[in-house]
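The values are calculated or read from the model by the stated rules, or taken from the named source; none is laboratory data. Since the structure is predicted, the reported quantities are computational estimates derived from the model, not experimental observations. In this analysis, Cβ positions are derived from the backbone assuming ideal geometry, glycine residues included, and neighbour counts consider all displayed protein chains.
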Amino acid sequence: MANLAASVSMENKELTFRPSTISIAAVYIFFRTGEMAEIIDIDDASFEREVLQAGGAVLVDFGAEWCHPCKQLDPIVDEIALELEDKLKVTKLDIDENVDSTMKWGVMGVPTLILFKDGEPVERLTGYVPKNRILDKLSPHLG
C-alpha cells in the first residue's frame, strides 16, 4: 500500500495526515472546532515509554485496520481525546503489527480500550461502547 499523505487547511491552520492514521471524524472535528486532539500511534517498542512510564492516565485503543467496530469507535475516541486532553493521554496500537503488547495485556478482541493510571491497568472496555459509558468508566480515574 502506498504511503499517501494529504493536507487540509482552514483559516491559517493546517493539518497534515496519513489517511491510515486519522479518522474522518478527526478531520471533521478539526474543521468544526479548529482543534485537533493528539492521539499517539504506539507500537511494541514504544509501549513502555508512552504508556507505562508516562505517569498519569493513558488510554490505549487496541484495534485493527480490518475491524469495523474499531472504525465505528474511532470518532468517539477522537472526541474523548480532544475533550479530555488536559487529563488524559490517548494512544492507538494496531494489534496485527504489535503482537507482543496485545498478548501481554490479554487483548482477545477488538476494539479494546485499556486505561492505565501510573503504569497500571485500571479499566478495560471491549467491543463498541457508547461514549457516555466510556466516560463513566474513565471519570473516576481522572481526578
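Inside segment 112-143, residues that are hydrophobic (A, V, I, L, M, F, W, C), crowded, with 16+ Cβ neighbours inside 10 Å and touching a His at 6+ places or on another chain (Cβ under 9 Å) make up a count of 1. Contact annotation: residue pairs with Cβ atoms under 7 Å, 6 or more positions apart or on different chains, pairing a residue in segment 116-139 that is without any contact (Cβ under 8 Å) to a residue 40 or more places away in the chain with a partner that is exposed (fewer than 14 other Cβ atoms within 10 Å of the Cβ) and not hydroxyl-bearing (Ser, Thr, Tyr), are Thr126/Gly109.
Residue check: is Arg18 of a type in the set (D, E, K, R), at pLDDT below 65, surrounded by fewer than 18 Cβ atoms within 10 Å (Cβ to Cβ) and within 28 Å of Trp105 (Cα to Cα)? So Arg18 fits the description; yes. One residue stands out among those in segment 38-82 that are without any contact (Cβ under 8 Å) to a residue 40 or more places away in the chain and of a type in the set (D, E, K, R): the one that is surrounded by the fewest Cβ atoms within 10 Å (Cβ to Cβ), which is Arg49.
Filtering segment 92-122 to residues that are among the acidic types (Asp, Glu) and in contact with a helix residue (DSSP H, G or I) (Cβ under 8 Å, 6 or more places away or on another chain) leaves only Asp100. Can Val122 be described as outside any helix (DSSP H, G or I), among the hydrophobic types (A, V, I, L, M, F, W, C) and closer than 18 Å to Ser46 by Cβ? No. Scanning segment 101-119 for residues being in a strand (DSSP E or B) and among the aromatic types (Phe, Trp, Tyr) gives a total of 1. Might you let me know whether segment 46-61 holds any residue that is modelled with pLDDT of 95 or more, polar (S, T, N, Q) and part of a loop (DSSP other than H, G, I, E, B)? Looking through segment 46-61, at least one residue is modelled with pLDDT of 95 or more, polar (S, T, N, Q) and part of a loop (DSSP other than H, G, I, E, B).
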